[in-house]
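The values are calculated or read from the model by the stated rules, or taken from the named source; none is laboratory data. No experiment lies behind these values; they were computed from the predicted model shown. Because the Cβ atoms are built from the backbone with ideal geometry, glycine has one as well, and the counts that use them run over all protein chains shown.
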Amino acid sequence: MQTPRFRPHLLALAVALSLGSVCLPAQAMTSDQAFALAESTWKQKDATALAQLRAAAQSGDANAQYWLGTMYDLGQGVPKDYAQALLWFRKAAEQGDGYSQYHLGLMYQAGQGVPQDDAKAAYWFRKAAKQGLDYAQQYLAIMYADGGQGVPQDYAQAAYWFRKAAEQGDGYSQYHLGLMYQAGQGVPQDEAQAASWYRKAAEQGNADAQASLGHMYAKGQGVPQDYAQAAYWFRKAAEQGDGYSQYHLGTIYEKGQGVPQDYVIAYALYNISAAGDPSSDNPATNNRSKLAARMTPQQIAAGQELTQRMMKMGVTKAIDSWR
């Protein structure tokens with residue numbers, strides 16, 4: 001499974017900290033106060049605010065240490081310096097700050113400011129995950145699913161941590177928990193459960209989950225077969241550029257399953273799928289050639305025009321404007 005390389009948005013972190021969603025040690029400075037000083041530093045270049053934040057961090061305040069580490073990590077208000085980021089994240093992490101533990105894990109995983117070490121990354125992710133931090137739960141689950149990167153491959157542990165994050169609403173983890181239920185990896189094989197988790201992620205806009213849910217409706221796996229629902233979810237994913245869904249939505253329009261049969265729309269969908277993935281693994285090119293043999297020159301020209309609209313307007317608006 002591909003590890004998503006992202007950092008949580010700073011403001012989102014501040015809100016989560018202020019709501020107390022992660023266990024933190026007793027502080028002399030509140031999370032809001034520390035964030036306010038950090039924000040003044042990077043937005044207003046306030047040297048006094050930076051001095052106050054640094055003084056609090058040096059006195060052992062974990063909230064100040066976390067935000068100072070974040071500033072060095074991102075190069076916000078101070079020069080980017082991974083060694084300094086590591087220093088301050090470690091000080092806060094050793095006091096039990098969950099976000100600092102998570103960021104320390106990221107730095108060990110990436111080898112930023114410290115020699116790359118997956119075992120230490122897993123160690124810090126686990127500490128943060130046990131405090132309920134969904135980002136850390138997700139990363140730890142990925143490491144167990146892949147194996148050989150700091151922890152042995154263990155699908156049961158992967159499913160356990162994906163579930164922890166999924167139950168907090170993390171769409172990436174919901175999708176991967178669906179994959180594990182569909183494959184029976186670490187959990188009993190259960191297509192209904194797979195569809196349920198795919199739906200949760202799909203409703204949050206996860207294109208992979210939308211594609212998977214569309215496939216399950218098309219095949220009647222875990223849900224009653226319903227081509228209209230398959231078309232609905234394939235269209236959602238196709239709008240986001242998912243070539244698999246563009247191809248499958250094309251087959252649905254070609255056959256008229258759950259939607260009115262329309263060769264022009266099918267041809268255009270095969271076109272954009274093939275453009276995004278011209279490899280031989282993508283059957284869109286072959287399907288387009290077979291379909292073109294049954295189309296008139298006028299229909300093919302219309303398909304090319306609709307392809308251009310899809311590229312400019314997106315799949316949904318193009319189809320709606322065409323019909």
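Scanning segment 45-81 for residues that are surrounded by fewer than 16 Cβ atoms within 10 Å (Cβ to Cβ) and over 24 Å from Ala128 (Cβ atoms) yields Lys45, Ala47, Thr48, Ala51, Ala55, Pro79. Would it be correct to say that Leu249 is part of a helix (DSSP H, G or I), in the same structural domain as Met313 (by TED's automatic domain parsing) and not polar (S, T, N, Q)? Criteria met by Leu249. Give the residue that is nearest to Asp190 (Cα to Cα), with candidates limited to residues of segment 241-252 that are surrounded by fewer than 24 Cβ atoms within 10 Å (Cβ to Cβ) and small (Gly, Ala, Ser). In this case the residue turns out to be Gly243. Residue-level analysis places Gly241 outside the set of residues that are under 21 Å from Gly205 (Cα atoms), part of a helix (DSSP H, G or I) and within 30 Å of the chain's Cα centre (by Cα). Ala55 meets the conditions (1) at pLDDT 95 or above; (2) not in a helix (DSSP H, G or I) in every case but one. The failed one is (2). Taking the criterion of being closer than 23 Å to Ile272 by Cα and either without any contact (Cβ under 8 Å) to a residue 24 or more places away in the chain or surrounded by fewer than 24 Cβ atoms within 10 Å (Cβ to Cβ) (or both), the residues of segment 218-240 that qualify are Ala218, Tyr227, Ala228, Gln229, Ala231, Tyr232, Arg235, Glu239, Gln240. Of the listed requirements (1) in contact with a helix residue (DSSP H, G or I) (Cβ under 7 Å, 6 or more places away or on another chain); (2) in a helix (DSSP H, G or I); (3) within 21 Å of Leu213 (Cβ to Cβ); (4) touching a residue at least 24 places away in the same chain (Cβ under 8 Å), Tyr181 misses just one: (4). Within segment 108-135, restricting attention to residues that are in the same structural domain as Asn63 (by TED's automatic domain parsing) and within 19 Å of the chain's Cα centre (by Cα), the residue that is surrounded by the fewest Cβ atoms within 10 Å (Cβ to Cβ) is Ala110. Consider Ser212 carefully, then state whether it is at pLDDT 95 or above and farther than 18 Å from Ala268 by Cβ. Answer is yes for this residue.
Residues of segment 274-287 include none that is assigned by TED's automatic domain parsing to the domain that holds Met313 and in contact (Cβ under 8 Å) with a residue 60 or more places away in the chain. Whether any residue in segment 141-151 is out of contact with any Ser or Thr (no Cβ under 7 Å at 6 or more places or on another chain), surrounded by 18 or more Cβ atoms within 10 Å (Cβ to Cβ) and modelled with pLDDT under 95 is what I want to check. Within segment 141-151 (the criterion being out of contact with any Ser or Thr (no Cβ under 7 Å at 6 or more places or on another chain), surrounded by 18 or more Cβ atoms within 10 Å (Cβ to Cβ) and modelled with pLDDT under 95), the answer is yes, since at least one residue qualifies.
Residues in segment 252-261 that are out of contact with any Asp or Glu (no Cβ under 8 Å at 6 or more places or on another chain) and in a loop (DSSP other than H, G, I, E, B): Gln257, Val259, Pro260. Please work out if Tyr72 is in contact with a helix residue (DSSP H, G or I) (Cβ under 6 Å, 6 or more places away or on another chain), within 30 Å of Gly178 (Cα to Cα) and part of a helix (DSSP H, G or I). Against the criterion (in contact with a helix residue (DSSP H, G or I) (Cβ under 6 Å, 6 or more places away or on another chain), within 30 Å of Gly178 (Cα to Cα) and part of a helix (DSSP H, G or I)), Tyr72 does not qualify. Restricting Gln137, Gln109, Gln101 to those that are part of a helix (DSSP H, G or I) and farther than 23 Å from Ser31 by Cβ reduces the list to Gln109.
Contact map, segment 253-268: residues that are assigned by TED's automatic domain parsing to the domain that holds Ala301 and surrounded by fewer than 18 Cβ atoms within 10 Å (Cβ to Cβ) paired with residues that are at pLDDT 95 or above and among the charged types (D, E, K, R), Cβ distance under 9 Å, separation 6+ or inter-chain. Pairs shown: Gly256/Asp262; Gln261/Glu254; Gln261/Lys255. Could you tell me which residue of segment 200-217 is surrounded by the fewest Cβ atoms within 10 Å (Cβ to Cβ), considering only residues that are out of contact with any helix residue (DSSP H, G or I) (no Cβ under 6 Å at 6 or more places or on another chain) and within 19 Å of Asp134 (Cα to Cα)? Selected residue: Gly205. Only one of the numbered conditions (1) in contact (Cβ under 8 Å) with a residue 12 or more places away in the chain; (2) surrounded by fewer than 17 Cβ atoms within 10 Å (Cβ to Cβ); (3) not in a helix (DSSP H, G or I) is not met by Gln95, and that is (2). Could you list, in sequence order, all residues of segment 58-69 that are under 15 Å from Asp32 (Cβ atoms) and either among the small types (Gly, Ala, Ser) or not in a helix (DSSP H, G or I) (or both)? Matches in segment 58-69: Asp61, Ala62, Ala64.
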